[in-house]
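> Input: one structure, supplied below.
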Amino acid sequence: MGGGVSKGMQAGVKTASPAELQQAVGGLDAAEKAKLLDALKVDDVPKAPTSITVYYWGPTVMNAYGRAIGIYLTLDQAGVKYDMKGPSDMPEGCAMAVPVIDIDGFCMGQCPAILVALGEMFQLSGKTPEEKMRCLQALEDMNDVFGERVKISEDAERKKKWFTYLDKKIQDKKWLAGTCEPTVADFHGVFAFETLKTKSVDFSEYPNMTKWWADIQAYPVVAKMYESLVDGRVMIPP
Ligand SMILES: N[C@@H](CCC(=O)N[C@@H](CS)C(=O)NCC(=O)O)C(=O)O
């Protein structure tokens, strides 16, 4: 059977035009693409991980997704399986605080850094150098929105400054990094904007960010996360 697959694939690759090959691989999900790259055995290409565990308070110990929202959404979008465990199960000394991710036995902490690593691993942080740079900046912008949530809720001028910037940055783009599909920045944005919701921040006068927020909430993996909010589960802990 394996020989048949090999011969069929080899014949297909030989006869296909570059455009046909591009179309064929474009239909694969992120995990399948990583598997294909892994099979090419090129040293500088990331290998598909075989075991992933996320250590965080929620949803195992606490009935919320909290700061790990972007990590879960990224892994869901990549189509990979992962385990979720509480902080007490985390290998000792690997990070200051959860969330922590263990990928094939290597542990790393710091949520934005984890998202950068996962984005690279699963091609969810832009394709071109410009998209990748936009994604990194947008990821940090979203992390700052989270950090600024209290000030933004109390200081109208601060809110105006932040939202004028964000609204202009995304104009004529659907997603934060200007990509065709959401990146890790958009997924971390779900966390950041959920924390704004807890502070009752009204940004309805900013049409582009209002549209982004509606679009990202409706995006399949994100919508699925909202659908899982049953039996008292919440996005952000009280
Ligand atoms: N800079 C870290 C902060 C992590 C953090 O503050 N985690 C919280 C939960 S959301 C925590 O577990 N804190 C426990 C502690 O600080 O001891 C990150 O972005 O991941």
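The values are calculated or read from the model by the stated rules, or taken from the named source; none is laboratory data. Nothing here was measured: the structure is a model prediction, and the numbers come from that model. Reconstructed Cβ throughout: ideal geometry from the backbone, glycine too, with neighbour counts over all protein chains shown.
Here is a yes/no grid of residues against (1) closer than 16 Å to residue 185 by Cβ; (2) touching a helix residue (DSSP H, G or I) at 6+ places or on another chain (Cβ under 9 Å):
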| residue | (1), (2) |
| --- | --- |
| 67 | yes, yes |
| 80 | no, yes |
| 83 | no, no |
| 94 | no, no |
| 153 | no, yes |
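> Taking the stated definitions as given, is residue 157 surrounded by fewer than 19 Cβ atoms within 10 Å (Cβ to Cβ) and within 24 Å of the chain's Cα centre (by Cα)?
In short, no.
> Further, regarding this structure: Using the structure shown, decide if residue 56 is of a type in the set (Phe, Trp, Tyr), in contact with a strand residue (DSSP E or B) (Cβ under 9 Å, 6 or more places away or on another chain) and under 20 Å from residue 142 (Cβ atoms).
yes
> Output the residues belonging to the range 108-119 that are touching a residue at least 60 places away in the same chain (Cβ under 8 Å) and near the ligand (Cβ under 10 Å from one of its atoms).
Selection gives 111, 112, 115.
> With respect to the numbered conditions (1) more than 21 Å from residue 219 (Cα to Cα); (2) surrounded by 16 or more Cβ atoms within 10 Å (Cβ to Cβ); (3) of a type outside the set (Ser, Thr, Tyr); (4) under 16 Å from the mean Cα position of the chain (by Cα), which one is the sole condition not fulfilled by residue 149?
(4)
> Taking residue 36 and the conditions (1) modelled with pLDDT under 95; (2) under 30 Å from residue 169 (Cα atoms), which numbered condition does it fall short on, given that it satisfies the others?
(2)
> Please go through the range 92-107 and pick out each residue that is more than 10 Å from the ligand (Cβ to nearest atom) and closer than 19 Å to residue 142 by Cβ. Give the steps one after another, and end with the answer.
Initial filter on the range 92-107 (more than 10 Å from the ligand (Cβ to nearest atom)): 92-94, 101-107.
The answer is 101, and nothing else.
> When you look at residue 122, is it away from the ligand (no atom under 16 Å from the Cβ) and buried (at least 21 other Cβ atoms within 10 Å of the Cβ), yes or no?
The answer is yes for residue 122.
> Sticking with this one: Just need a number here: residues in the range 61-91 that are part of a loop (DSSP other than H, G, I, E, B) and either within 14 Å of the ligand (Cβ to nearest atom) or basic (Lys, Arg) (or both).
Qualifying residue count, the range 61-91: 6.
> Something else now. Tell me, please, whether a residue that is surrounded by 15 or more Cβ atoms within 10 Å (Cβ to Cβ), at pLDDT below 95 and not charged (D, E, K, R) can be found in the range 44-62.
Checked against the condition, which is being surrounded by 15 or more Cβ atoms within 10 Å (Cβ to Cβ), at pLDDT below 95 and not charged (D, E, K, R), the range 44-62 yields at least one hit.
> Oh, and also: List the residue pairs whose Cβ atoms are under 7 Å apart, where the first residue sits in the range 126-143 and is buried (at least 19 other Cβ atoms within 10 Å of the Cβ), the second is among the polar types (S, T, N, Q) and part of a loop (DSSP other than H, G, I, E, B), and the two are 6 or more positions apart or on different chains.
126/179; 126/183; 135/125; 135/183
> Just for helices (runs of 4 or more DSSP H) wholly inside the range 127-238: which have at least 1 residues that are more than 29 Å from residue 79 (Cβ to Cβ) and modelled with pLDDT of 95 or more?
Helices (runs of 4 or more DSSP H) meeting the threshold: 129-147, 149-154, 156-169, 184-198, 207-218.
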